[in-house]
1. Tally up the residues in segment 167-189 that are out of contact with any strand residue (DSSP E or B) (no Cβ under 7 Å at 6 or more places or on another chain) and at pLDDT 95 or above, please.
2. Please go through segment 178-208 and pick out each residue that is under 25 Å from residue 154 (Cα atoms) and either in a loop (DSSP other than H, G, I, E, B) or touching a helix residue (DSSP H, G or I) at 6+ places or on another chain (Cβ under 8 Å) (or both).
3. In this structure, does residue 208 turn out to be in contact with a strand residue (DSSP E or B) (Cβ under 6 Å, 6 or more places away or on another chain) and modelled with pLDDT of 95 or more?
4. Report whether or not residue 152 is surrounded by 12 or more Cβ atoms within 10 Å (Cβ to Cβ) and within 26 Å of residue 26 (Cβ to Cβ).
5. Restricting to segment 69-94, count the residues that are within 16 Å of the chain's Cα centre (by Cα) and either assigned to a loop (DSSP other than H, G, I, E, B) or more than 17 Å from residue 105 (Cβ to Cβ) (or both).
6. Looking at 117, 181, 174, which one is touching a residue at least 60 places away in the same chain (Cβ under 8 Å) and either over 19 Å from residue 211 (Cβ atoms) or within 12 Å of the chain's Cα centre (by Cα) (or both)?
7. Inside segment 10-32, can you point out the residues that are surrounded by fewer than 17 Cβ atoms within 10 Å (Cβ to Cβ), in contact with a strand residue (DSSP E or B) (Cβ under 9 Å, 6 or more places away or on another chain) and either without any contact (Cβ under 8 Å) to a residue 12 or more places away in the chain or not in a helix (DSSP H, G or I) (or both)?
8. Out of 107, 13, 90, I need the residue that is at pLDDT 95 or above and on the phi > 0 side of the Ramachandran plot. Which one?
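The values are calculated or read from the model by the stated rules, or taken from the named source; none is laboratory data. These numbers were taken from a predicted model, which means no experiment stands behind them. Note: ideal-geometry Cβ built from the backbone for every residue, glycine included; neighbour counts use all protein chains shown.
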């Protein structure tokens with residue numbers, strides 16, 4: 001079994017075998033296939049991802065790498081493994097990385113706001129002109145630099161807000177997160193280019209995560 005990465009080990013990119021492994025798992029999502037290729041998973045996928053997220057944690061806060069096993073208890077799809085390897089770092093506004101057969105997705109923000117967080121975000125957008133204008137500028141800058149704002153928006157105004165509010169597009173957001181894809185190639189596999197692309201994307205997201213920490217904060221909803 002491949003040993004866990006040494007504390008402080010530097011991320012040096014994902015080898016081509018990482019995408020090959022994930023594509024193979026997508027084609028044959030079975031325990032037998034996974035076990036037969038476990039060494040590739042540990043060396044090409046898990047180890048680089050743990051190194052990357054550990055470095056992110058040193059910069060942005062508590063970090064986590066998701067396990068490869070799926071929770072199939074309440075799902076019709078009983079495939080045992082995720083075909084995306086992912087992790088994040090941070091508390092309220094996080095940075096995120098996910099590798100799948102099509103490439104590496106790098107992003108950040110607030111992906112699943114609790115009810116009280118969503119209420120505070122909308123209140124800031126609706127009642128604080130500077131906060132709303134700042135968020136609009138942040139999201140426009142991210143879109144212009146190749147990010148996609150994630151998640152579906154509400155079809156209409158949220159309850160309690162007029163449909164003709166000047167910042168209705170922001171009020172309809174259900175997530176405050178953005179994602180950029182790095183397709184297969186040097187930006188994933190080359191040590192320095194991958195580091196520059198990933199950490200550069202996270203730096204570009206810092207205005208968004210700062211806005212979230214300032215105007216949203218942690219959830220007090222314990223449900």
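1. Qualifying residue count, segment 167-189: 8.
2. Result: 178, 180, 205, 207, 208.
3. Taking the combined requirement at face value, the residue satisfies it.
4. no
5. Counting residues in segment 69-94 that are within 16 Å of the chain's Cα centre (by Cα) and either assigned to a loop (DSSP other than H, G, I, E, B) or more than 17 Å from residue 105 (Cβ to Cβ) (or both) gives 7.
6. 181
7. Correct list: 30 only.
8. 90 is the lone residue from the list that is at pLDDT 95 or above and on the phi > 0 side of the Ramachandran plot.
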